[in-house]
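Visitor: For reference, the structure I am asking about is given below.
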Amino acid sequence: MIGIVGGYGAVGGAAARLLAGRGVRGVRIGGRDLEAARRFVGEELGGRGEAWQVDAYDEAALARFCRGCTVVVNCAGPSYLLLDRVARAAFLAGADYVDAAGDGPAFAGLASTGTAGATAVLSAGMLPGLTGLLPRHLARFAGAGPHRLDVYTGGLDRLTPAAAGDVLLSGRGDHGEALAAWRGGATVSRALAPAYGVELPYFHGPVTAYPFLGAEAARVAGELGLEEARWYNVITGDRVMAAMSAAVSAADLMRVAELELAGRTPYYVLLFQLSGPGTTRTMALRVDDSYELTAAVVAHTTEAVLRGEVEAGLHYADGVLDPARMLADLEPVAKIEISDDIPRIDLAAPAFEEGAL
């Protein structure tokens, strides 16, 4: 039995359909709205599943939901508020755990309490997740260093309530640092500046590229021994950027994203460039729906746990999954291109001059 918290949402629902379509015999769909869960099981899974009412903030309800599950998958959010509560309920029920999100703070909480002998995989989505796994794939084919990694993620897509909440909460200091870069083995504050109105390969420009070095980015850069790493959130439309800067509510940010999307085709791009002496290798993943991509990563990770391919203990997805197998599994939902012919993109400029305010 695979229990999915947030099981009829954008990510959870797509993951449930994938798992059911691949022969997983038991899928338990959980969410606050029992009728919505029932409709999903009937209409999307052909009745092959269980509908449960569960609130991720209700410990007793979570305990009942997790009981009898082999793996509990968390697709609810905002992840920065839920942290490790679903994981702890899964461990008490004797289940393994997969989280579509869950980065540094959630990992630290579970590291301090342990997994009770279970297998737990966090950051098993698109971002964080693929954004840590795919640089490792590029690094497998890199020659002698030093190496620099540039990552650009974004596009034009709708925002769910959970995603909007995560966008607004992600700016907190314990989750990363705006304008920072990785250099010489450490985070360097105020090293980069936003780039406005730029054209980037694979993106529908002009766009804004906003530097943000998240917890995953710094961890992966350190583990790969990169000389330098620059991570950018790519934003289409001035209204979304303005709304984020104004610290609006999640509901307001969702409405602004819908306005930007009106009459336009949604898309999302993950663009990676790994540069070394005399070479630059580029990898791009393009999708029409970022939530479908996240769900594909969740389903792949869940199946890996079910097959016993991940040992017991606490893990980040990028540290235990095979990048090549992941890419093969993503081919139905993503256009994947690897090229050595695209020149290195360089948006870097000091955000502040020495001595200037």
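Visitor: How high is the relative contact order of the stretch 3-161, in percent, with contacts defined as C-alpha pairs under 8 Å that are six or more residues apart?
Guide: Taking the mean separation of contacting Cα pairs over the length of the stretch 3-161, I get 17 percent.
Visitor: Just the number, please: Stokes-Einstein D of the stretch 248-357 in µm²/s, Kirkwood Rh from C-alpha pairs, 20 °C, 1.002 mPa s.
Guide: It diffuses with D of about 121 µm²/s by this estimate.
Visitor: Could I get the Rg over Rh figure for the stretch 102-245? Both from C-alpha atoms, Rh via Kirkwood, rounded to two places.
Guide: Over the Cα atoms of the stretch 102-245, Rg/Rh equals 0.97.
Visitor: Mind grabbing the base-10 log of I(q)/I(0) for the chain at q = 0.11, 0.15 Å⁻¹? Debye formula, identical points on the C-alpha positions, no solvent, two decimal places.
Guide: For the chain at q = 0.11, 0.15 Å⁻¹, log10 I(q)/I(0) is -0.72, -1.34.
Visitor: Size of the dipole of the chain about the Cα centre, Lys and Arg at +1 and Asp and Glu at -1 on the beta carbon, nothing else charged, in debye to 20?
Guide: Dipole magnitude for the chain comes out near 600 debye.
Visitor: To continue, here is another question. How many angstrom lie between the C-alpha centres of the stretch 286-314 and the stretch 92-157?
Guide: First find each Cα centre; the distance between them is then 11 Å.
Visitor: Under the Kirkwood approximation applied to all pairs of distinct alpha-carbon atoms, what is the hydrodynamic radius of the stretch 12-95 in Å?
Guide: Evaluated over the stretch 12-95, this radius sits at 13.0 Å.
Visitor: Could you work out what % of the accessible surface of the stretch 1-105 is carbon and sulfur, using a 1.4 angstrom probe and leaving DNA, RNA and ligands out of the count?
Guide: That fraction is 47 percent.
Visitor: Right, here's the next one. Sort 20-28, 93-101, 64-72, 81-89 by packing, meaning the average of other beta carbons within 10 Å per residue, with the highest value first.
Guide: Descending packing order for the listed peptides: 93-101, 81-89, 64-72, 20-28.
Visitor: I'd like the antiparallel share, as a percent to the nearest 5, of DSSP beta bridges with both residues in the chain.
Guide: In the chain, approximately 55 percent of DSSP beta bridges are antiparallel ones.
Visitor: How do Asp318, Asp58 stack up against each other in accessible area, from largest to smallest, with a 1.4 angstrom probe?
Guide: Asp58, Asp318
Visitor: What percent does the relative contact order of the chain come to when contacts are Cα pairs within less than 8 Å and at least six residues apart?
Guide: Here the relative contact order equals 19 percent.
Visitor: Something else: For helix 104-113, what angle does its Cα long axis make with the longest principal axis of the chain, in degrees from 0 to 90 and rounded to 10?
Guide: Roughly 50 degrees between the two axes.
Visitor: Something else: Along its principal axes, what span do the Cα atoms of the stretch 56-177 show, with the longest given first and each in whole Å?
Guide: For the stretch 56-177, the Cα extents along the three principal axes come out at 50, 33, 24 Å.
Visitor: How large is the accessible surface per residue of the chain, computed with a 1.4 Å probe and reported in Å² as a whole number?
Guide: I get 42 Å² per residue for this part.
Visitor: Please go through the stretch 283-344 and write out the GluC sites (Glu not before Pro) that DSSP classes as loop and that have at most 10 other C-beta atoms within 10 Å.
Guide: Answer in residue order: Glu311.
The values are calculated or read from the model by the stated rules, or taken from the named source; none is laboratory data. Keep in mind it's a predicted model, so treat the numbers as computed, not measured. No Cβ is skipped: glycine too gets one built from the backbone with ideal geometry, and neighbour counts run over all protein chains shown. To get the accessible areas, we keep the full protein, side chains included, count just its heavy atoms, and leave off ligands, DNA and RNA. Shrake-Rupley method; radii C 1.70, N 1.55, O 1.52, S 1.80 Å.
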